[in-house]
Amino acid sequence: MDKTIPCPPKLNVPIVDFTPEPKVKRIRRPVHLLDREYQEKYKEAVAKMKALPASNQLSFVRQAAIHEAYCDKRYHYDPDHRKDVVKFDVHSSWLFAPWHRMYIYFYEKALGQLIGDDTFALPFWNWDAPEGMVVPALFKDSFANSLYDSNRNPDNLDNMVDLNYLSNLRNGKYTPVSFNGPHGDKAYQDAINNNLCTVHQQQMRGAGCARSFLAEKLCADNISPKGQGSLEAMAHTAMHVWVGRPHTKTCTGGVVNYKGETNCANDMGFLGSAGRDPLFYSHHANVDRMWHLWSTKLGGEGFKDPEWLDASFVFYDDVDNPHPVRIKFRDVVDTTNLGYTYDAESEKNLPWKERQLTPLVPHAKGDGALRSWSALPKTAGAAVFPVTLRMNQVVEVPAVAVPAKKEGQPRVLVIHDIEYDPGVANKFDVVLNVPKGSALEVGPQNCEFAGSFAVVPASSEAGEKVNGGVTFSIEECLKDIKAADDGTVDVIIVPRTEGEIKINSAPTIQI
Ligand SMILES: [Cu+2]
């Protein structure tokens, strides 16, 4: 990894508490709809940030280093000085959404300050609308463009994004779809539909509660990540890996993984370098907008735990006089407190809100005994945990107990104790009540889809494994497959990537 990134200096100025902004003056708009003047403003602001000396905390190089520090385990946590050091990471837990909101808020403010315009709002990459489903042209021109980054995947830049990318990469046989069409093509229409279904799953169907959308709790007494939510695992991870420079046999540079091999995936495709691509911030502005939409228009309820609301981080503010500001999660739950909101026009017709999902196989109402493939003994192919996943070899976990439904308490499927090599992209999907032989075909466009576990590659040391988890809201899925009143359901795990993933404990369904 590049060692030129500076470490944060020792604090020699006092930390001040964040004060809410008195009014909303920044409206974040989609990148693809910016007029020429706004495009130039954005380029100028980032160019000025890149021109600041690295000694300035608000310089681009230091902003990128913040992501590396908090997201690639540069901070080690040892509150009791027991040398029981845990590598700290803001991913895979309930820290993910608020931490990233804070991070890009201070980035946005600094950009506005650099061009003397406090109404400047960070444009978002609108990958959830068909017109925004390509890397925005503004970031691609390599000539004198502060928004350009050479560490991207040239094969993907002009194609329709795939918000379910890693699942479709099966065996490297990925068929790209040109963003320019022809628009009447079935492949083009399917690609748009699959993307919209992915966002529908992420935002609506799989987002029935804060645990499954914003991720699981993480507190100081046990800071191993407990579980991702759909906000992180789905479109967010897919777009990181989609944009980033991929690993190839002949590439040079990058990180050395535990097998001693060089892995040169970088910039957006690698957590340690993601912040070096200016597109990262517009990507995360849309991830942030997804949280905003969930908690406003879609009526999602965030955490009420004081441990979450009172959690705080310190960021530098003010380009001219950089000083540290302590900001709490409760300060950022509502974006208006931060003086910004999202363009109302882009919220009017959310194209992914209403989606007709299709069943891959027929489903009958009743208990598991009625399922058409259940002629097989229930123990056939039963996974014995721990189980090590192999790409494309599905793991069937038959007859997982489903607790009876309780009003207002959505049922969740929880898989924890997932060990994986953090140095590579890892993904598996989870589907319900599908015969083993058909499970590979299930995608977000199907009723049987319950959710995905997917992580962006990060640094790894020799033999290092990271422990994670994932939580899915399955109430809607159970209803769609006519299993809402069943006592059991078959859970099928569909490994999508090559890296070794070991699941130590069986999935459970909880209320
Ligand atoms: Cu990210």
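The values are calculated or read from the model by the stated rules, or taken from the named source; none is laboratory data. The shown structure was predicted, so the numbers you read here are calculated from the model rather than taken from an experiment. Because the Cβ atoms are built from the backbone with ideal geometry, glycine has one as well, and the counts that use them run over all protein chains shown. Quick note on the areas: whole protein, heavy atoms, side chains included, nothing else; ligands and nucleic acids left out. Shrake-Rupley method; radii C 1.70, N 1.55, O 1.52, S 1.80 Å.
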Ordering 434-441, 235-242 by per-residue average of other C-beta atoms within 10 angstrom, highest first, gives 235-242, 434-441
By the C-alpha gyration tensor axes a ≥ b ≥ c (rounded if a/c is under 1.5, else prolate when a/b exceeds b/c, else oblate), the shape of the range 368-510 is prolate
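So for the chain: antiparallel DSSP bridges make up what percent, rounded to the nearest 5?
85
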With +1 on the Cβ of every Lys and Arg and -1 on the Cβ of every Asp and Glu, the dipole magnitude of the range 16-347 about its Cα centre, in debye rounded to the nearest 20, is 600
Per DSSP, the loop-located trypsin sites (Lys or Arg not before Pro) within the range 134-207 having at most 14 other beta carbons within 10 Å are 173
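Would you mind giving the three semi-axes, in whole Å and largest first, of the ellipsoid equivalent to the range 203-352 according to its Cα gyration tensor?
Gyration-tensor ellipsoid for the range 203-352: 29, 21, 19 Å.
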Checked against the positive end of the charge dipole of the chain (+1 on Cβ of Lys and Arg, -1 on Cβ of Asp and Glu, about the Cα centre), the farthest of 97, 399, 219 is 399
Largest-first ranking of 330, 276 by accessible area, probe 1.4 Å, whole protein assembly kept, is 330, 276
Scoring only Lys, Arg, Asp and Glu (+1, +1, -1, -1) among other residues with Cβ under 14 Å from the Cβ of residue 53 yields +2
Under 5 Å from the placed amide H of residue 501, counting only residues 5+ away or on other chains, we find 389
For residue 304 and residue 345, extending 7 Å from Cα along the Cα-Cβ vector and measuring point to point gives, in nm, a value of 3.9
Between the residues 473, 447, 423, the Cα farthest towards the positive end of the dipole of the range 368-510, that dipole coming from +1 and -1 charges on the beta-carbon of Lys, Arg, Asp and Glu, is from 447
Computed over the chain, the relative contact order (Cα-Cα under 8 Å, seq sep at least six) in percent reads 20
With T = 10 °C, eta = 1.306 mPa s and Kirkwood Rh from C-alpha pairs, the Stokes-Einstein D of the chain in µm²/s is about 68
The long-range amide H neighbours of residue 402, using H built 1.01 Å from N in the peptide plane and a cut-off of under 5 Å, are 488, 489
With only helices counted (DSSP H, runs n ≥ 4, each -39500 (n - 2.57)), the per-residue ellipticity at 222 nm for the chain, to the nearest 500, works out to -6500 deg cm²/dmol
The answer for the chain, counting only DSSP H helices whose Cα atoms cover 18 angstrom or more along the axis and whose Kyte-Doolittle average is -1.0 or greater, is 96-114, 186-200, 279-295
In order over the range 226-242: 3J(HN,Hα) from phi, Karplus 6.51/-1.76/1.60, θ = phi - 60°, whole Hz, x for each Gly or Pro, gives 9, x, 6, x, 5, 4, 8, 6, 9, 4, 4, 5, 4, 6, 4, 6, 4
